[in-house]
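Since the structure comes first, as structure tokens, the remarks are kept for the end.
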Amino acid sequence: MYKYNEFDEAAVRSRVAQFRAQVQRRIDGSLTEDEFRPLRLMNGLYLQLHAYMLRIAVPYGTLNPAKMRQLATIAERWDKGYGHFTTRTNLQLNWPRLKDVPDMLEALADVGMHSIQTSGNCVRNVTADHFAGAAADEIEDPRPIAELIRQWSTDHPEFQFLPRKFKIGITGSPHDRAVIRSHDVGLRMVRNAAGEPGFEVYVGGGLGRTPMLAQVIRDFLPQADLLPYLEAILGAYNLKGRRDNKWKARIKITVFENGLDAFRADVEERFERLRSQWSGVDQDILAEIRPHFAPPAFRNAPVDSYEAFRAANPVFRAWTDTNLHEHKVDGYAIVSISLKKHGATPGDATSDQMRVMADLAEKYGHGDLRVSHEQNIILPHVHKSDLPAVWQALREAELATANIGLVSDIIACPGMDYCSLATARAIPIAQQIALRFDELKVEHEVGPLKIKISGCINACGHHHVGHIGILGLDKAGVENYQITLGGDGTETASIGEKMGPGFAASEIVGAIERLVLGYLEIRRDAEETFLECVRRVGLEPFRAFLYEQEETADAA
Amino acid sequence: MAIIVTDKGFTTDDFASPVRPLAEIDQVQDGEGVEIGPADDPRALVGVLGQVGLIRVRFPAFNDGRGFSHARDLRSFGYTGRLRAVGHVLADQYAMARRVGFDEVEIDESLGARQPEDQWLARANWRDNWYQARLRA
């Protein structure tokens with residue numbers, strides 16, 4: 001994992017000192033609240049429904065045990081002893097006090113962390129495939145590039161006051177686990193015919209109230225051109241993006257309204273001009289970054305004990321069926337730790353749980369931890385012979401829920417329980433759905449199914465790309481939940497389609513149940529996933545489950 | 001009276017020649033100034049960059065960042081003359097302004113009273129901790 005050099009260390013420390021002074025200047029009146037707002041936002045500090053919220057950056061979702069332990073300590077010392085891992089792979093603390101925040105940032109800097117640009121109209125935390133460096137299907141590890149982008153975007157003088165926020169996602173694998181087409185800029189690492197590394201560059205994706213999938217703006221961008229090309233895109237957007245209407249200010253609208261070809265022409269003109277300002281020294285820095293992400297010293301050991309334990313223990317077996325992914329090295333597995341215990345808040349972890357995960361990563365996981373955009377924690381490198389011990393420790397910490405990729409592995413935004421923008425609750429709906437399907441005991445039979453819930457039109461819960469998406473709205477003071485079907489955030493990306501009238505909070509769980517049980521009736525066989533089934537039969541049969549068979553389902 | 005902020009602190013405006021809006025670009029004489037706003041296209045200035053003595057880039061609101069790209073663009077067109085950010089620019093943005101190519105910032109007296117000289121001087125070290133310069137070199 002990347003370790004700060006002296007430059008990074010000094011940059012982050014000076015940033016903390018600046019923010020400490022800004023808090024002081026807000027208090028003494030030098031800064032108005034309007035002026036302070038973007039400054040605190042670009043340091044990750046929001047004012048929420050009940051209190052301030054601090055969003056800590058976990059760049060490209062990568063942590064090590066020392067960082068995870070420090071997060072646990074900070075959550076305990078200055079907050080309520082837990083944190084919330086987000087869909088942007090950050091960690092949110094929901095109850096900090098303004099006067100403590102500079103000290104919290106100082107404590108983060110002690111372990112090479114910060115909360116810079118986790119909010120505001122600037123380039124946000126770059127996200128990457130959470131299986132980077134471990135996945136069997138990976139072409140190239142995206143993390144060194146992601147770190148290069150972190151450095152380049154940090155405090156970028158030209159792009160701190162963009163029309164709106166700007167998100168970059170990167171994947172090094174043909175199987176897109178980073179949902180790159182929902183990003184303002186998505187990067188897919190590829191090689192050209194000559195075998196040279198580069199990127200397929202996507203632009204203009206985003207969810208929110210106008211969901212759009214990003215389009216290809218460049219088939220092949222040589223690796224060394226990345227940063228000037230990103231500056232060309234950001235520069236074009238900074239000048240052309242709309243500032244008259246917050247809802248039309250994202251780059252997806254800029255690209256849509258100007259047309260991709262005209263936008264591309266603008267970007268290419270800027271790129272020509274800016275390219276010569278880059279001497280190539282960024283590629284030397286990239287070369288210095290790479291060794292930080294060298295593969296760990298993998299072990300070669302027998303896996304008989306794992307197989308024997310697995311054969312003898314059905315609960316462990318169920319966990320290995322859902323929570324493991326194929327590793328590129330024989331004998332190893334990628335472990336997903338579910339932060340979605342049935343009935344719990346999706347993405348929450350207590351300080352004690354953070355420490356357990358840190359300890360396991362240290363003892364069994366080559367010191368590597370990842371936060372996934374699906375709000376779980378990943379141990380990317382665990383030898384299979386260690387899995388029984390890992391699983392037992394996770395069980396004791398209530399972290400061994402076997403539901404990765406299943407009905408109850410739900411993405412939910414904080415919703416009206418915390419967020420000042422929300423129009424409906426999201427967390428309680430997620431909890432009730434999870435509990436209901438746990439009761440029914442059908443999740444494993446149902447198989448892969450992604451439910452994503454947003455508590456308002458801003459779509460932080462990514463409902464547009466959920467196989468089943470749930471959007472909570474306010475209808476004349478009453479929560480109302482709209483369902484979309486057929487969304488997909490992977491390399492076969494699609495935006496979910498609206499099913500029809502929404503459901504009251506008391507009805508939504510029953511509605512989801514009818515959809516899922518209906519799927520079980522009509523799927524071709526157990527191999528056909530929910531999404532495949534929707535794509536084969538279309539929406540109508542599912543509409544019938546939702547709206548025509550209500551009585552039957554209620555009686556069932 | 002307007003305050004001009006440089007790395008040395010507050011000073012007064014010593015630019016004595018007329019400053020014309022972009023609409024009067026055809027009438028610009030050697031050594032005169034030109035002013036552009038956020039919605040203007042600085043490409044319109046390319047023909048006069050060798051003769052103007054000052055380009056003022058207006059910031060009507062501190063959270064409208066278009067002026068930062070205008071400065072970068074003007075420098076990329078080869079403009080080496082005096083470049084000034086004018087209006088609602090915060091002390092906290094001084095380093096950003098300098099890094100994109102502005103030489104100085106012009107603010108009014110009330111902003112200067114609320115954010116006095118020491119708050120601007122605190123960012124006179126804008127060359128420090130500058131990731132983009134390190135990457136671009």
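Read-outs throughout are calculated quantities, based only on the coordinates presented, and are distinct from any laboratory measurement. A quick note: this is a predicted structure, and the numbers were derived from the prediction, not measured. Quick reminder, even Gly has a Cβ in these numbers, built from the backbone with ideal geometry, and neighbours come from all protein chains shown.
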Looking at the square roots a ≥ b ≥ c of the eigenvalues of the Cα gyration tensor of segment A:460-519, which shape do they give, rounded for a/c under 1.5, prolate if a/b is larger than b/c, or oblate?
oblate
Run the numbers on segment A:134-291 and let me know its relative contact order in percent, using alpha-carbon pairs under 8 Å that are six or more apart.
21
For chain A, can you list the cysteines whose C-beta has no other cysteine C-beta under 4.7 Å from it?
A:122, A:419, A:456, A:533
If you take each beta carbon of peptide B:99-108 and count the beta carbons of other chains within 10 angstrom, what is the mean?
1
Based on Cβ point charges of +1 for Lys and Arg and -1 for Asp and Glu, what charge dipole magnitude is obtained for segment B:3-136 about its Cα centre, in debye rounded to the nearest 20?
680
Please compute the average number of Cβ atoms from other chains found within 10 Å of each residue's Cβ in peptide A:266-273.
1
Other-chain or far-sequence residues with amide H under 5 Å of residue B:35's (modelled H)
B:20, B:22, B:56
Global form of segment A:426-505, assessed from the alpha-carbon gyration tensor, a/c cut-off 1.5:
oblate
Using Cα pairs under 8 angstrom and six or more residues apart, how large is the relative contact order of chain B, in percent?
25
Using θ = phi - 60° and the Karplus relation 6.51 cos²θ - 1.76 cosθ + 1.60, list the HN-Hα couplings for segment A:139-146 in order, rounded to whole Hz, with x at every Gly or Pro.
8, 8, 6, x, 5, x, 5, 4
With a ≥ b ≥ c the root eigenvalues of the C-alpha gyration tensor of chain B, is it rounded (a/c under 1.5), prolate (a/b larger than b/c) or oblate?
oblate
Taking the square root of 5λ for each eigenvalue of the C-alpha gyration tensor of chain A, the equivalent ellipsoid has semi-axes, largest first and in whole angstrom, of 34, 29, 26
May I ask you to order A:75-87, A:291-303, A:200-212, B:43-55 by the average number of other C-beta atoms within 10 Å around their residues, highest value first?
A:200-212, A:75-87, B:43-55, A:291-303
List the residues, sorted by chain then number, that are 5 or more residues from residue A:139 or on another chain and whose placed amide H is less than 5 Å from its amide H.
A:173
Taking a straight Cα-to-Cα line shorter than 26 Å from residue A:252, and setting aside same-chain lysines fewer than 8 residues away, one finds A:165, A:167, A:240, A:450, A:452, A:498
What list of ³J(HN,Hα) values in whole Hz, one per residue of segment A:368-381 in order, does the Karplus curve 6.51 cos²θ - 1.76 cosθ + 1.60 (θ = phi - 60°) give from phi, with Gly and Pro shown as x?
10, 9, 10, 9, 9, 5, 8, 6, 10, 10, 10, 9, x, 10
Full-stretch length increase - residue A:547, residue A:277 - with 0.36 nm per residue and alpha-carbon distance subtracted:
91.2 nm
How shielded is B:120-133 by partner chains, expressed as the average number of their Cβ atoms within 10 Å of its Cβ atoms?
4
Efficiency by 1/(1 + (r/R0)^6): what FRET value for residue A:51 and residue A:20, r their Cβ-Cβ distance, R0 = 25 Å, to the nearest 0.05?
0.80
Find, among the GluC sites (Glu not before Pro) in segment A:490-529, those assigned to loop by DSSP (not H, G, I, E, B) with at most 10 other beta-carbon atoms within 10 angstrom.
A:527
Search the structure for amide H atoms under 5 Å from the amide H of residue A:116, placed 1.01 Å from N in the peptide plane, and list their residues when 5 or more places away or on another chain.
A:57
For segment A:411-555, give me the percentage of DSSP beta bridges that are antiparallel, rounded to the nearest 5 percent.
70
Sort A:462-469, A:92-99 by packing, meaning the average of other beta carbons within 10 Å per residue, with the highest value first.
A:462-469, A:92-99
Calc'd 3J(HN,Hα), segment A:249-265, phi into Karplus 6.51 cos²θ - 1.76 cosθ + 1.60 (θ = phi - 60°), Hz, glycine/Pro = x, comes to 9, 6, 5, 4, 6, 4, 5, 5, 6, 8, x, 4, 5, 5, 5, 4, 4
Burial order of peptide ranges A:120-127, A:155-162, A:275-282 (average beta-carbon count within 10 Å, highest first)
A:120-127, A:155-162, A:275-282
Can you sort A:535, B:58, A:524, A:26 by how many other beta carbons sit within 10 Å, fewest first?
A:524, A:535, A:26, B:58
